[in-house]
1. Can you tell me the alpha carbon radius of gyration of segment 146-279 divided by the globular rule-of-thumb value 2.2 N^0.38 Å?
2. How far apart, in nanometres, would the label points at residue 168 and residue 156 be if each is projected 7 angstrom from Cα along the Cα-to-Cβ direction?
3. Taking the Cβ-Cβ separation of residue 296 and residue 178 as r and a Förster radius of 25 Å, what is the calculated FRET efficiency to the nearest 0.05?
4. If packing is taken as the mean number of other Cβ atoms within 10 Å per residue, what is the order of 209-219, 310-320, 278-288, highest first?
5. Consider all pairwise Cα distances in segment 198-344 and report the whole-number % of them above 18 Å.
6. First measure r as the distance between the Cβ atoms of residue 252 and residue 342, then evaluate 1/(1 + (r/R0)^6) with R0 = 56 Å and state the FRET efficiency to the nearest 0.05.
7. Using the heavy atoms of the protein chains and a 1.4 angstrom probe, tell me the accessible area per residue for segment 201-343 in square angstrom.
8. At 0.36 nm per residue, minus the direct Cα-Cα distance, what do residue 224 and residue 22 gain on full extension? Give it in nm, one decimal, please.
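The values are calculated or read from the model by the stated rules, or taken from the named source; none is laboratory data. Here the structure is a predicted model, which means the values were calculated and not measured. Every residue, glycine among them, receives a Cβ derived from its backbone with ideal geometry; neighbour counts consider all protein chains shown. In case anyone asks, the SASA skips ligands and DNA or RNA and just uses the protein heavy atoms, side chains included. Shrake-Rupley method; radii C 1.70, N 1.55, O 1.52, S 1.80 Å.
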Amino acid sequence: MASENSTGNEPENGGPPLGLDLAQQVALQIELLRMAGVRFLPGDPAKLAGGPPVAQRKTQAVPNPKIPETAPGAFGSLADRVRLQQPAPPAPVNQPPVSLPKPQLVPPARPVAPAPVIEKPAKLPTSSPSPAGLFGLEQVGTPADGLEELDASTRLERLEILRAQVAACKRCPALVAERTQTVFGVGPIDAELCVVGEAPGHNEDKLGEPFVGEAGQLLNKMLAACGIERSKVFICNILRCRPPANRQPQADEAASCNPFLVETLRLVRPKFLCLMGATATRYLLDQPTGIGVLRKRDLAWCGIPVQATYHPAYLLRYPDKKRDAWEDLQRMLTRMGRTPPAHS
Ligand code: URA
């Protein structure tokens, strides 16, 4: 019996709804059979029944190419069903080729000359200044090579490597036996002025810094008279070890230590060199001539202008030479492009 809300078309036993024409009923039956697993091969039985081709229906299952046509059972074997439940691998899509990021053009690290390994002492320059330069600009030594390319931090790194090499140096057994420590040098890497003395004395050997004794106090005063702070100057010596009993450095010791001095100067690249005393001029410039003569010349080492003057320790012994030394410093300041103070 039909209820109040029924349309009156529903079948009572789940059969095809009433009111469908024969073709529609056949198509519906076929679809139900298809859903139950009955396969119709070949041809489209729905067409035979006058319905739309199965291929046009929205509910058509997309055949899984993984399941062969001959697969047993309506939904394939258990293995097939398991396979069906697994997501099919993504179909290859015809996409434009992924453009890989272009390799970054990282500029090659600036070629840096390898840190110097000082195996043996370099030869001291043996060339004398040319006669033509006797009273002019006298070039002594070899031109700097490549280090002008290095920035300050790299040069400072190199200087620290050099300092370690100096500390480990055992080239002069007589000096190694007596030294407390090596005295490398002190001052900023970009010092405009570099002062070169003779060798560490007692106080320098104890403290590890050049010119900290009585001669050092006088040097500080000389620099202050020039309007130059000691802390702005790079200060070092011909030798890095104290000679026993403060004797003068020997030629072989100066030769052994020369590469350390040359490398220090190449790394610091001062604009001006002040050589204090005959030992400094003899071993850096290879000049046997005394300070009394050299101090009046416009010297240069590797393109760096040089002023030679009396050693502060000498001035402590011969104070009347301080006037000459002050003249030397005024010449140096003028050559450095500074205005010398009127009085010392
Ligand atoms: N005399 C030098 O020549 N150098 C020093 O460091 C100290 C004294």
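1. On the way: Rg = 14.2 Å, N = 134, 2.2 N^0.38 = 14.1 Å.
This ratio for segment 146-279 stands at 1.01.
2. For residue 168 paired with residue 156, the spin-label model returns 2.3 nm.
3. Working: r = 37 Å, r/R0 = 1.47.
Given R0 = 25 Å and the Cβ-Cβ separation, E is 0.10.
4. Details: 209-219: 20.4, 310-320: 16.5, 278-288: 22.4.
Per-residue mean Cβ counts within 10 Å order the peptides as 278-288, 209-219, 310-320.
5. Details: 6005 of 10731 pairs.
For segment 198-344, the fraction of Cα-Cα distances above 18 Å is 56 percent.
6. Details: r = 45 Å, r/R0 = 0.81.
The value I calculate is 0.80.
7. Details: 5860 Å² over 143 residues.
Per-residue accessible area for segment 201-343 comes out at 41 Å².
8. On the way: separation 202, 0.36 × 202 = 72.72 nm, distance 12.17 nm.
Length gained between residue 224 and residue 22: 60.5 nm.
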